[in-house]
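Trainee: Sharing a structure below in structure tokens format, with a few things to ask.
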Amino acid sequence: MAFPSMIRRFGVGFALAGICALAFAADMDMHSSMMHGSASAPPVPAGGLRVAVAFPPQLKREVLATMRMHLQGIANVQQAMAEGKYDEAAQVATMALGMSSMHGEQAQQEARYMPPGMRALGAQLHMQAGEFVLAAQNATATGDVRKPQQLLGRMLQTCVACHATYRLQ
């Protein structure tokens with residue numbers, strides 16, 4: 001296959017992939033709006049490019065470490081839920097995702113560099129974690145696991161929305 005032919009073939013493939021990704025993002029926003037009363041993320045910038053957010057180098061490392069902690073927390077919550085340990089899932093969510101996981105001075109420093117939409121998504125995640133904690137504790141008492149499962153899904157959607165919209169520079 002000739003090189004120009006490969007470019008045309010892959011170019012069309014990348015264009016289709018981009019269109020599908022944008023359609024998926026729009027569908028997720030619309031679904032979220034219908035299910036939860038408001039869109040979970042600002043619209044993805046034109047061309048599907050994420051908004052670059054500039055942090056000083058040390059703060060960027062700390063932000064990335066915090067995001068990894070949140071991701072590990074979600075994985076641990078999911079594992080605890082799979083084992084039927086909803087009290088444990090609530091404890092993990094409180095420590096790794098809830099408002100108490102925001103690190104005081106670091107959180108204030110981070111907020112200074114974040115665009116309003118990014119701050120809003122971060123606050124949304126922490127509030128959703130609080131809702132999850134209550135639902136998980138209730139699931140321990142009632143056996144109704146549907147609500148914490150739904151809330152875990154919403155937390156993950158919030159993470160995806162933020163990462164689809166923003167990137168650290």
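Trainee: Does any residue of region 128-136 turn out to be more than 21 Å from R146 (Cβ to Cβ) and either without any contact (Cβ under 8 Å) to a residue 60 or more places away in the chain or touching a Cys at 6+ places or on another chain (Cβ under 8 Å) (or both)?
Mentor: no
Trainee: Considering only residues of region 63-74 that are surrounded by 16 or more Cβ atoms within 10 Å (Cβ to Cβ) and without any contact (Cβ under 8 Å) to a residue 60 or more places away in the chain, which is farthest from L151 (Cα to Cα)?
Mentor: Filtering first and then ranking leaves T66.
Trainee: Then there's this: Look at V77 and say whether it is surrounded by 16 or more Cβ atoms within 10 Å (Cβ to Cβ), within 16 Å of R167 (Cβ to Cβ) and at pLDDT 95 or above.
Mentor: Judged against the criteria, V77 is not a match.
Trainee: Of the residues A111, A90, which single one is in the same structural domain as T66 (by TED's automatic domain parsing), of a type in the set (A, V, I, L, M) and more than 14 Å from M155 (Cα to Cα)?
Mentor: None of the others qualify; the one that does is A111.
Trainee: Separate question: Please verify whether L156 is under 30 Å from P56 (Cα atoms), in the same structural domain as K60 (by TED's automatic domain parsing) and surrounded by 14 or more Cβ atoms within 10 Å (Cβ to Cβ), treating the condition exactly as stated.
Mentor: It is true that L156 is under 30 Å from P56 (Cα atoms), in the same structural domain as K60 (by TED's automatic domain parsing) and surrounded by 14 or more Cβ atoms within 10 Å (Cβ to Cβ).
Trainee: Starting from residues that are in contact (Cβ under 8 Å) with a residue 60 or more places away in the chain and within 14 Å of the chain's Cα centre (by Cα), keep the ones in region 88-124 and report whichever is nearest to P148 (Cα to Cα).
Mentor: If we take residues in region 88-124 being in contact (Cβ under 8 Å) with a residue 60 or more places away in the chain and within 14 Å of the chain's Cα centre (by Cα), then Q124 is nearest to P148 (Cα to Cα).
Trainee: Moving on to the next point. Going by the structure shown, is G37 closer than 17 Å to R154 by Cα, modelled with pLDDT under 95 and surrounded by fewer than 13 Cβ atoms within 10 Å (Cβ to Cβ)?
Mentor: Considered against the rule, which asks whether it is closer than 17 Å to R154 by Cα, modelled with pLDDT under 95 and surrounded by fewer than 13 Cβ atoms within 10 Å (Cβ to Cβ), G37 comes out as yes.
Trainee: Taking G143 as the residue in question, decide whether it is at pLDDT below 95 and surrounded by fewer than 16 Cβ atoms within 10 Å (Cβ to Cβ).
Mentor: Taking the combined requirement at face value, the residue satisfies it.
The values are calculated or read from the model by the stated rules, or taken from the named source; none is laboratory data. On a predicted model such as this, the values are computed, not experimentally measured, just so you know. Cβ: placed from backbone, ideal geometry, glycine included. Neighbour counts: every protein chain shown.
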